[in-house]
Amino acid sequence: MKKQYVTTPNIDEVSITSGLFARISKLVKEQVLPCQWEILNDTAKDAVPDHSIENFSVAEGNDEGYPSHCIANFKIAAGLEKGDFYGMVFQDSDLAKWLEAVSYRLMSDPNEELEKIVDETIDIIGKAQQEDGYLNTYFTIREPQNRFTNLCECHELYCAGHMMEAAAAYYKATGKDKLLKIMCRMADLIDASFGPEENKRHGYPGHEEIELALVKMYKATKEERYLKLAKYFIDERGKTPYYFDIEFEKRNHASHFSYLYPPYGMYSNGPKYEQYHLPIREQKTFEGHSVRCMYMASGAIDVARLTEDKELLDACKGLYQNMVQKRMYLTGGIGSTPKAEMFTSDYDLPNDMVYGETCASVGVMFFTKRLLEAEQNGDYADTMERALYNTCLAGMSLDGKSFFYVNPLEVDPVISRENPDRAHVLPVRPAWFGCACCPPNLSRMITSLPEYMYTICNNEIYVNLYIANKAKLQLKDQTVDIEVQTEYPYKGKINLTAETEGKYAVCLRIPSWSREKWKAQINFFEVSQAVENGFLHLERTWKKGDKVTLELDFEPKRIYANPLVSKDVGKVAVQCGPLVYCLEEADNGKGLQRIYLPKDAGLKLAEKPEKLMGINEIYAKGYRLKTLENSQELYVENTKWNYELVNLTFIPYYTWANRGENEMTVWIHEK
Ligand code: FUB
Ligand code: ZN
């Protein structure tokens, strides 16, 4: 494993100029981040719309999540207010993710007023920090004597990790190091408490996160101990005897989550739930909690690259293959069961019982970004794109005011309401959650999108995502300006202009769905070379103003699942470009599970600039199986089935549930 110059752009080096992500980035900046700030401060009652979610309970069994009490927890821990801790034990991470998102937003658009708010918040965080560097509002307020005694459940290292990410981001955005120093003190305390030495705890986090965060701290401070500690946590996981068994006995079986996972809370979920069943290097399948898996693998790749550890990197690549070949939804969702938000077994991908947590798909973005840094293979970017355009975007309403935690591929609101097994599958987005991990995770991902759009390796620019932008990219030997113009994901034409002279390569991803049909030109001359590892390498001595044009296949396509996915047998889905489509009751009436799409039905694409903030619809002629006319029987022996002709309208999956409560399905019977 040779160390190479590999990087991703700084956020201020890429400006998104138009199209879907210009709209969404603006929305996050102007609507989502201010609204989330109000929520964290418990001042949002009026700012948050009252979505009708009566009778629906969110995944963790609590209500819409008001008040958040997140900032109040910090003020109480800081001694600035009186009161008790309220919320999840990892409530601190909501603020950390928000701070990180705001830092990215400040990188692309400095704002003094916002920076002042952040600085004041950092002052409170500093006051909440204990003498020895410890920072966690739950333990400080409620159980100061029990720090680091229940890593399996209590998320101290997870919360620390998120605040470290925020600290590194804010330092990069502003050069201000107060939060970074606060988190160095916490990292030093953790380093003094965990490690191979006799006098330290031989543990690791129950929810991975700190590993990748320590790598960011290492990059920000150049402090080798942080990288060493990240590597320690990666290598320690899965060793026997299991640390969590030892810890469980030591704390006399006490649990914080027995209400959710009886009798012993998260510990009851077993070693796979928190990926400590095996050392990471020996894991061949992603097991357990899907978000944890993504964070674990992301941290492991970071460590593998920095320490030139091929074995560890190969293990992560193997896990990736298991995920995309056997355990991922067409929409880029992962996690097939609400029970502990976990992966289950290969090919078990139920559409209506799915979990598909928004955070997990944001985690897919983290994971694939790092895979691309390790190996520039377009397949990773295809998966990144699948997660981004489908589950991640579906995680937020078009107006940025409400969010999905669970992202189903099939919903019937009546069943969601009446069947307790489907209570997690909401047909409308709540404005917030008691367990509010997803909304601020989306914010930090969207505000840092430039980091995903390109990977730079030596003097090669890998274009991972096609988003209209102007970029100044730091290659190994020179800085290169490029401009991308496109209406992707609604049109397949991409124009890229090289604004800088010099010898470098522009590597265009040819998505797997367009491998059969694409056309590229440089200055109107056709390019004929082969696609390698999913990228078309255009290496030459560029002149300023050279134009590259790429045309991808934007015909709507029928997609079929491997027959081993039993829930999709005999069914078809529709995709166009990177967008997976779905049928919604608002366009197609009730009874979506009785609809058939004939094999030979044409799929017609139509531009709808006014609908759902601008989409392309897809039309097809289909059939709906009629209900039994003359019988109230539940079961009949013989009957003549009747079908009615219906005009089907498909909309992009990410736009579903923006017109009130209704049925939705991605997979449709084929006839
Ligand atoms: O445990 C912290 C976060 O809350 C997880 O990443 C999510 O899945 C949710 O359980
Ligand atoms: Zn989440």
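General observations
- Residue 264 vs. criteria hydroxyl-bearing (Ser, Thr, Tyr) and in contact with a strand residue (DSSP E or B) (Cβ under 9 Å, 6 or more places away or on another chain): no
- Residue 167 crowded, with 24+ Cβ neighbours inside 10 Å, within 18 Å of residue 231 (Cα to Cα) and either touching a residue at least 40 places away in the same chain (Cβ under 8 Å) or in the same structural domain as residue 89 (by TED's automatic domain parsing) (or both): no
- Taking the range 332-352 as the range and being touching a His at 6+ places or on another chain (Cβ under 9 Å), under 18 Å from residue 284 (Cβ atoms) and open to solvent by 20 Å² or more (accessible area, probe 1.4 Å) as the test, only 342 passes.
- Boolean, residue 288 is among the small types (Gly, Ala, Ser) and within 16 Å of ligand 1 (Cβ to nearest atom): yes
- Criterion violated by residue 617 - all others in (1) under 30 Å from the mean Cα position of the chain (by Cα); (2) farther than 12 Å from residue 667 by Cα; (3) open to solvent by 50 Å² or more (accessible area, probe 1.4 Å) satisfied: (3)
- Selected residue [more than 20 Å from residue 571 (Cβ to Cβ), of a type in the set (Lys, Arg) and modelled with pLDDT of 95 or more] from 659, 624: 659
- The one condition from (1) away from ligand 2 (no atom under 16 Å from the Cβ); (2) of a type outside the set (Gly, Ala, Ser); (3) within 17 Å of residue 206 (Cα to Cα) that residue 291 does not meet is (1).
- Options 329, 355: the member that is surrounded by 22 or more Cβ atoms within 10 Å (Cβ to Cβ), of a type in the set (Ser, Thr, Tyr) and either modelled with pLDDT under 95 or within 14 Å of ligand 2 (Cβ to nearest atom) (or both): 355
- Filter result (in contact with a strand residue (DSSP E or B) (Cβ under 7 Å, 6 or more places away or on another chain) and within 16 Å of ligand 2 (Cβ to nearest atom)) within the range 362-389: 364
- Which numbered condition residue 530 misses (of (1) modelled with pLDDT of 95 or more; (2) assigned to a loop (DSSP other than H, G, I, E, B)): (1)
- Count of residues meeting criterion [in contact with a strand residue (DSSP E or B) (Cβ under 8 Å, 6 or more places away or on another chain) and open to solvent by 30 Å² or more (accessible area, probe 1.4 Å)] in the range 532-544: 6
- Summed over the range 20-68, the residues that are within 21 Å of the chain's Cα centre (by Cα), part of a loop (DSSP other than H, G, I, E, B) and either away from ligand 2 (no atom under 16 Å from the Cβ) or at pLDDT 90 or above (or both) give a count of 0.
- Residue in the range 569-588 that is without any contact (Cβ under 8 Å) to a residue 40 or more places away in the chain, of a type in the set (A, V, I, L, M) and open to solvent by 10 Å² or more (accessible area, probe 1.4 Å) present: yes
- Some residue of the range 435-445 being more than 30 Å from residue 551 (Cα to Cα) and without any contact (Cβ under 8 Å) to a residue 12 or more places away in the chain: no
- Any hit, the range 401-423, residues being among the hydrophobic types (A, V, I, L, M, F, W, C), under 25 Å from residue 216 (Cα atoms), within 16 Å of ligand 1 (Cβ to nearest atom) and assigned by TED's automatic domain parsing to the domain that holds residue 28: no
- The residue that is nearest to residue 394 (Cα to Cα), counting only those in the range 436-456 that are assigned to a loop (DSSP other than H, G, I, E, B) and away from ligand 1 (no atom under 16 Å from the Cβ), is 449.
- The listed residues are 414, 428, and the only one of them that is modelled with pLDDT of 95 or more, part of a loop (DSSP other than H, G, I, E, B) and either closer than 30 Å to residue 312 by Cβ or open to solvent by 10 Å² or more (accessible area, probe 1.4 Å) (or both) turns out to be 428.
- Residue in the range 261-269 that is buried (at least 24 other Cβ atoms within 10 Å of the Cβ) and part of a helix (DSSP H, G or I) present: yes
- Residue identified as modelled with pLDDT of 95 or more and either touching an Asp or Glu at 6+ places or on another chain (Cβ under 9 Å) or open to solvent by less than 30 Å² (accessible area, probe 1.4 Å) (or both) among 81, 100, 113: 100
- Filtering the range 273-301 to residues that are open to solvent by less than 10 Å² (accessible area, probe 1.4 Å), polar (S, T, N, Q) and either outside the structural domain of residue 226 (by TED's automatic domain parsing) or in a loop (DSSP other than H, G, I, E, B) (or both) leaves 275, 283.
- Residue match in the range 443-452 (condition: open to solvent by less than 10 Å² (accessible area, probe 1.4 Å) and among the basic types (Lys, Arg)): yes
- Residue within the range 182-198 that is touching a residue at least 40 places away in the same chain (Cβ under 8 Å), hydroxyl-bearing (Ser, Thr, Tyr), under 21 Å from residue 296 (Cβ atoms) and surrounded by fewer than 19 Cβ atoms within 10 Å (Cβ to Cβ) present: yes
- Checking each residue in the range 601-614 for being more than 18 Å from residue 654 (Cβ to Cβ) and open to solvent by 50 Å² or more (accessible area, probe 1.4 Å) picks out 602, 604.
- Leading residue by the ranking (nearest to ligand 2 (Cβ to nearest atom)) among those in the range 221-242 that are part of a loop (DSSP other than H, G, I, E, B) and of a type in the set (Ser, Thr, Tyr): 242
- Residues of the range 463-499 that turn out to be part of a loop (DSSP other than H, G, I, E, B) and surrounded by 19 or more Cβ atoms within 10 Å (Cβ to Cβ), as a count: 10
- Applying the criterion of being hydrophobic (A, V, I, L, M, F, W, C) and either within 25 Å of residue 35 (Cα to Cα) or touching a His at 6+ places or on another chain (Cβ under 7 Å) (or both) to the residues of the range 358-386, the residue that is surrounded by the most Cβ atoms within 10 Å (Cβ to Cβ) is 360.
- Scanning the range 435-477 for residues that are within 16 Å of ligand 2 (Cβ to nearest atom) and of a type outside the set (Lys, Arg) gives 435, 436, 437, 438, 439, 440, 441, 442, 443, 445, 446.
- Applying the criterion of being aromatic (Phe, Trp, Tyr) and touching a residue at least 24 places away in the same chain (Cβ under 8 Å) to the residues of the range 90-147, the residue that is farthest from residue 11 (Cα to Cα) is 138.
The values are calculated or read from the model by the stated rules, or taken from the named source; none is laboratory data. Here the structure is a predicted model, which means the values were calculated and not measured. All Cβ positions, even for glycine, are placed from backbone atoms using ideal geometry, and neighbour counts span all protein chains on display. Areas reflect the complete protein model, heavy atoms only, side chains present, ligands, DNA and RNA absent. Shrake-Rupley method; radii C 1.70, N 1.55, O 1.52, S 1.80 Å.
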